[in-house]
1. Answer yes or no as to whether T341 is within 21 Å of L65 (Cβ to Cβ) and at pLDDT 95 or above.
2. Checking the conditions here, which among G39, G10 is in contact (Cβ under 8 Å) with a residue 12 or more places away in the chain and in contact with a Ser or Thr (Cβ under 8 Å, 6 or more places away or on another chain)?
3. Hey, among the residues in the stretch 24-52 that are among the aliphatic types (A, V, I, L, M) and surrounded by fewer than 20 Cβ atoms within 10 Å (Cβ to Cβ), which one's nearest to the ligand (Cβ to nearest atom)?
4. Given (1) more than 16 Å from the ligand (Cβ to nearest atom); (2) more than 17 Å from the chain's Cα centre (by Cα); (3) not aliphatic (A, V, I, L, M), where does T55 come up short, assuming only one miss?
5. Among the residues of the stretch 194-250, which ones are within 16 Å of the ligand (Cβ to nearest atom) and in contact with a Pro (Cβ under 8 Å, 6 or more places away or on another chain)?
6. Please go through the stretch 115-149 and give me each residue that is basic (K, R) and crowded, with 19+ Cβ neighbours inside 10 Å, ordered by number.
7. Restrict the check to the stretch 150-173 and report whether at least one residue is open to solvent by 40 Å² or more (accessible area, probe 1.4 Å), in contact with a helix residue (DSSP H, G or I) (Cβ under 6 Å, 6 or more places away or on another chain) and within 16 Å of the ligand (Cβ to nearest atom).
Amino acid sequence: MPQTIIAGIGHYVPDHVVTNNDLVKYMDTSDEWIQERTGIKERRYAGRTTETTSTMGVQAATIALENAGITKDDVDFIIFATLSPDYYFPGCGVLLQRAMKMNEIGALDIRNQCSGFVYALSVADQFIKTGMYKNILLVCSEKHSFGLDFSTRGRNISVIFGDGAAAVVLQPTTENNRGILSTHLHSDGSSAELLAMFNPGTHANHWLNEPLADFDEAPMGQMFMSHQMIDKAQNFPNMDGPAVFKKAIVKFPEVIEEALQKNNLTTADLQLLIPHQANLRIAQYVQQKLKLRDDQVFNNIEKYGNTTAASIPIALSEAWQLGKIKKGDLICMAAFGSGFTWGSALMRW
Ligand code: COA
């Protein structure tokens, strides 16, 4: 059975840099608070009308294809992971297919939030291993800046997130001991509401202890999204930060250990861990817990914030560009996020 390799990689971040001090214009926060709690110094925001999640994805995909030495016509399947799509539906996969004038190939959308890249990678790995596809274009992109509450009410979330995109081209190899060794996916929906955006949606308070809006009295046609919901900021993400933090620092090390054990390897074998860039303090905790040296972990959250599905591939692409990844290196990628979902992928570059 072939193994899946990353044959090409690229990332794109918008030019517009937004520092922590820039956010002080909108909300009661400070550079000191943000850096101390999250390690973030700045993030990028997409052009308000000039860039979308899909167009940033196209930028990253173009670089990844060039890096792989193939053209858009060689691609036989598209996977697009995002939580901030251009439209509620259809997904970004088809918008990318259209924008890049690609063949009428399949386009799958993945919505596993911060775990999006690891989930997508796992799906792609199965398609490659079975021989179904030979050139999968996996794109992750987020335009968070359009969907955050920039008032003080939303400051625990809005300071964390940033915009950006990354893409990889996945191909089969028969070279021994190369490529994805294993992927490990998990979920626990018991805390789904701790990091969620409720509206637009069809939930009608069904899962919630406290009703969000009055669905009994709402006129037909105003239940998916209403003025009341907007007035109550329910069109923005909602997060219990401390609860997410507590769960993340347990699940990250667990799923990294799971991947290593599955392959009879240990942390000493690892050249690089690329954790989802949720919060630098989480990454530092995981590093400490697994007793990893500084050169075994790559973080870039200080420059880009949390770019959700795009965070691991942006970091992977940047680490590769910086020469921190060589052929044969053992790389672990691990994610945790809304759902909760979490996962890891272990690969030999
Ligand atoms: N600036 C200034 N003060 C802020 C703030 C901001 N941006 N955001 C929240 N605060 C305030 C709160 O209002 C609270 O004030 P109070 O004590 O007067 O009520 C205080 O800071 C502490 O809030 P808390 O939420 O307990 O802070 P925290 O230490 O847990 O840090 C997070 C908040 C969000 C940084 C942290 O919980 C976290 O990173 N959690 C994980 C989030 C994550 O990774 N999400 C993505 C998952 S993929």
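The values are calculated or read from the model by the stated rules, or taken from the named source; none is laboratory data. These numbers come from a predicted model, not from an experiment. In this analysis, Cβ positions are derived from the backbone assuming ideal geometry, glycine residues included, and neighbour counts consider all displayed protein chains. Remember, those area values only see protein heavy atoms, side chains included, never the ligands or the DNA or RNA. Shrake-Rupley method; radii C 1.70, N 1.55, O 1.52, S 1.80 Å.
1. Here the answer is no, as T341 does not meet what is asked.
2. G10
3. M27
4. (2)
5. L195, A196, M197
6. Passing the criteria: only K143.
7. yes
So that you can scan it fast, the table gives a plain yes or no per residue for (1) within 30 Å of F215 (Cα to Cα); (2) within 16 Å of the ligand (Cβ to nearest atom); (3) outside any helix (DSSP H, G or I):
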residue	(1), (2), (3)
F252	no, yes, no
E258	no, no, no
I282	no, yes, no
Q288	no, no, no
A309	no, yes, no
W320	no, no, no
K327	no, no, yes
A335	no, yes, yes
